[in-house]
Amino acid sequence: MENVRYKVLHSASTTRRKDLMLQPDEVAAILRLKKLGWGSKTIARELGISKNTVKSYLKKKGWVSYQTPKRAKVLDGLEDWLEEAFRQHLGNADVVRQELLSQHKIDVSLRTVERAVKPFRQQLQAAAKATLRFETPAGKQLQIDFGTTTVGIADEKVRVHLFVATLGFSRRPFVAAFRHERQSAWLRGLEGAFAHFGGVTEQVLVDNAKALVRHHNAKTREVEFNDRFHAFSTYWGFTPKACAPYRARTKGKDESGVKYVKRNAVAGRHFDSWAQLEAHLYWWMRKVADIRIHGTTGERPIDRFKREEAQVLKPLEGRPPFRQVRELSRRVNSEACVEVDTNCYSVPWHLIGNQVTVQVADSQVIVIFGQDTVACHAQNQGQRQRIIDRKHLEGIVGATQPHLSPDSLPEIPPPEPDGELLRPLSDYEAIAGGAW
């Protein structure tokens, strides 16, 4: 019996321990002594612990970790509301704290809210990183974006904005350099891409740039595009799409394309002029980007483009650039003219009172009635000028109308002499009975 006592890991102590939390080896000693027939009181006295502690561990039949008593929290029962509010406000815990006060009259610290939404934040971050890759059908989508970098041009460092457009199927890219990212740069970049690829895709996927997207509701996914960009998409016949806010990874093909251009096309290079930079980008697209083996498709972008994508793009049909085209509706006034930017341009006079379509493109003013082009003038850059084609006034009775300036009137030739009416005066004198 004495040997057994000696083998106990913790020797007996005259002072009993009040701490109920024992170490695993102490609990193991209790169980061994119990198997030897020791009573709870004897084990307690031997190990210097209370009898109730011994009974507790014998009842549990082993060591268990200490469980901290669960205390009621001020935000208990609001888990679903917290998750919804946290997602609605895009992970902004301080806004959630304000909503708690206004809706539930619960005033807590920001730290309390941050602890409560911690699991939701982890889910939101995981969702932001998770990207489901999908393959876009040929001719379906063009992804566009801007990337900014610094390039050595001449003797200075210049901030260059690189417009990058990537075809979703073939991964064929188009790159153009700009000095800014205003709306005109986006539209010029897109038209440059259409010309480079020889056609237009069904969709164009954009980021939520202010130049293109007026409003994008992150919850309902309702998108309101800028009026001019909407008109631009209608003119070229594509459907604009905006990737989810704070989820630019959904535009991953072009995001990767921007990085590729920065690291491969311009990184560490120096150019003598802006024109040389543009020439280099054009060379790089043809001689590097188009013919490399793409890491995802395992093919050269130019091969996939020519084999399956080029023929399904919508043709350009010789349309002039959108930024140079204006289409107006005008009524022909009583002077056989239409007014554009305070200047008056003539049309055939028989169209007076009719509604016509006026297109301003390539420094020309074109007037269309029905399906026919009825007038074409060079655009006048002045103001309150009258541009008259004399042919448009042929056949007007009383062409010398006072409201038409002399320079704008058609020339009226003098009447041809009529021999019977313009006889010599001697003939009239003979008929009348001689001279007066």
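I'd like the per residue volume of the convex hull spanned by the Cα atoms of region 308-383, given in cubic angstrom.
Spelled out: Cα convex hull of region 308-383, divided by residues, is 100 Å³.
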If amide H atoms are built 1.01 Å from N in the plane of the peptide, which residues on other chains or at least 5 residues away come under 5 Å of the amide H of VAL213? ASN226
Report ³J(HN,Hα) in whole Hz for each residue of region 351-357, in order, from the Karplus equation J = 6.51 cos²θ - 1.76 cosθ + 1.60 where θ = phi - 60°; Gly and Pro get x. 9, 3, x, 8, 8, 10, 9
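Would you mind calculating the gained length between ARG32 and LYS59 on full extension (0.36 nm times residue separation, minus the Cα-Cα distance), in nm to one decimal?
Difference between extended and current length: 8.3 nm.
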HN-Hα J in Hz across region 22-39 - Karplus 6.51, -1.76, 1.60, θ = phi - 60°, x for Gly and Pro: 9, 7, x, 5, 5, 5, 4, 5, 4, 5, 5, 5, 5, 5, 7, x, 6, x
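Using only alpha carbon pairs under 8 Å that are at least six residues apart, calculate the relative contact order of region 141-312 and give it in whole percent. All intermediate terms of the calculation are to be shown ahead of the outcome.
Details: 263 pairs, mean separation 46.6, N = 172.
Once normalised by length, the contact order is 27 percent.
Filter the GluC sites (Glu not before Pro) in region 312-356 down to the DSSP loop ones having no more than 12 other Cβ atoms within 10 Å, then list what survives.
Answer by residue number: GLU317.
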Taking placed amide H atoms and a strict 5 Å upper bound, the residues 5 or more places from PHE271 or on another chain that come that close are GLY152, ILE153, ALA154
Computed over the Cα atoms of region 141-312, what is the ratio Rg over Rh, Rh following Kirkwood? 0.96
Could you give each residue of region 47-55 its phi-based ³J(HN,Hα) in whole Hz, using Karplus coefficients 6.51, -1.76, 1.60 with θ = phi - 60°, and x for Gly or Pro? 8, x, 10, 7, 5, 5, 5, 4, 4
Between beta-carbons, use under 9 Å as the cut-off and find the net charge around TRP236, counting Lys and Arg +1, Asp and Glu -1. +1
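Coordinate-derived values only; no laboratory data. These numbers come from a predicted model, not from an experiment. So basically every Cβ, Gly included, is an ideal-geometry build from the backbone, and we count neighbours across all protein chains shown.
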